[in-house]
1. Would you please give the residues with an amide H less than 5 Å from that of V81, counting only those at least 5 places away or on a separate chain, with H modeled from the backbone geometry?
2. What is the distance, in nm, between label points placed 7 Å from the Cα along the Cα-to-Cβ direction at L64 and at K26?
3. How big is D, in µm² s⁻¹, for segment 1-146 by Stokes-Einstein at 4 °C and 1.567 mPa s if Rh is the Kirkwood radius over C-alpha pairs?
4. Which value, in debye to the nearest 20, gives the size of the charge dipole of segment 167-277 about its Cα centre, when Lys and Arg are +1 and Asp and Glu are -1 at the Cβ?
5. For the pair R238 and E285, what calculated FRET efficiency results from E = 1/(1 + (r/R0)^6), where r is the Cβ-Cβ distance and R0 = 30 Å, to the nearest 0.05?
6. What FRET efficiency do you get for Q194 and T10 if R0 is 45 Å and r is their Cβ-Cβ distance, rounded to the nearest 0.05?
7. With θ taken as phi - 60° and the coefficients 6.51, -1.76 and 1.60, list the Karplus ³J(HN,Hα) couplings across segment 203-214 in order, rounded to whole Hz; mark glycine and proline as x.
8. When only DSSP loop residues count, what trypsin sites (Lys or Arg not before Pro) in segment 19-106 have their Cβ near at most 12 other Cβ atoms within 10 Å?
Amino acid sequence: MVGLSLGEQTFIKGGIDQDLRTDGRKRLTYRPIFVETGIIPQASGSARVKLGATDVIASVKAELGKPNPSYPDKGKVSIYVDCSPTAEPSFEGRGGEELSTELSSALERCLLGGKSGAGAGIDLSSLCIVRGKVCWDLYIDGLVVSSDGNVLDALGAAIKAALSDTAIPKVQVSANAPSDEQPEVDVSDEEFLQFDTSGVPVIVTLTKVGGHYIVDATTEEESQMSSAVSVSINRLGRICGLTKRGGAGLHPTVILDMISAAKHVSEQLMNKLDSEIAAAEACDEMES
């Protein structure tokens, strides 16, 4: 919890009113973003993202599984976030557990669409190997190493980078297995397919402070918020998910205005993130 004096609160809100935040940014400007991929060798894909002083890690593990009977032509994805107690004193005990649950749920809403996978930023159909029998299960784990606000956007960026780093083994399916039995599969140790992240969105959180909203809020700015709306938007400008937090209500016209601003900002963020991911992957290739 951030304890600010009345003068500090006035200074933060006054700066946002004047479109000049305490760190010199405008209302709709992100902090510098840094991406590192391939940091966990035993994972199928991994990445670290630093957004200012906010530092998060995401890893992806691909395992063979069986599709949900309700959706036989789709694979499965689960997302879990852990908040390190060293990242923020409030993360110790129940505070960290509650935030972990909140972040995991928000990421699922933003990236996985509805229960059927409709509107999902991650294409679940691409994870199906044999309809109704074999699929890939992706286990995505996020870790908040240090927090200075806007953790959800940073985790979304780290997951996108980790998926870009993910290599899924090629699978050969036995052709002569009876239709009523589980087919035999041969998982290659040498041939891999790169996971397609072209449809994976970025998450843009707009935080309302006073009469204005800002992107990439710091912890101090978040302490002054009335509400926040997080929108996940893909490269085509389509909204994949939306989540809101904070007790204050928002008028529908304000939400529409915030979504419009998020779309504008998402394009810049997507381009910056893609270039950082490409640079990180090039660096990995040079080192290997």
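The values are calculated or read from the model by the stated rules, or taken from the named source; none is laboratory data. Values in this document were obtained by computation on a predicted structure and should not be read as measured data. As a convention, Cβ positions derive from the backbone with ideal geometry for all residues, glycine included, and neighbour counts pool all protein chains shown. What goes into the accessible areas is simple: the full protein's heavy atoms, side chains included, and nothing from ligands, DNA or RNA. Shrake-Rupley method; radii C 1.70, N 1.55, O 1.52, S 1.80 Å.
1. S104, G142
2. In this crude spin-label approximation the distance works out to 5.4 nm.
3. Working: Rh = 18.0 Å.
The diffusion coefficient I find is 72 µm²/s.
4. Working: 8 positive and 16 negative charges, 190 e Å.
My answer is approximately 920 debye.
5. Efficiency at R0 = 30 Å is approximately 0.45.
6. On the way: r = 50 Å, r/R0 = 1.12.
Between Q194 and T10 the formula returns 0.35.
7. Each residue's phi maps through the Karplus curve to give 9, 10, 9, 9, 9, 8, 10, x, x, 10, 10, 10 Hz.
8. Listed in order of number, the matching sites are K26.
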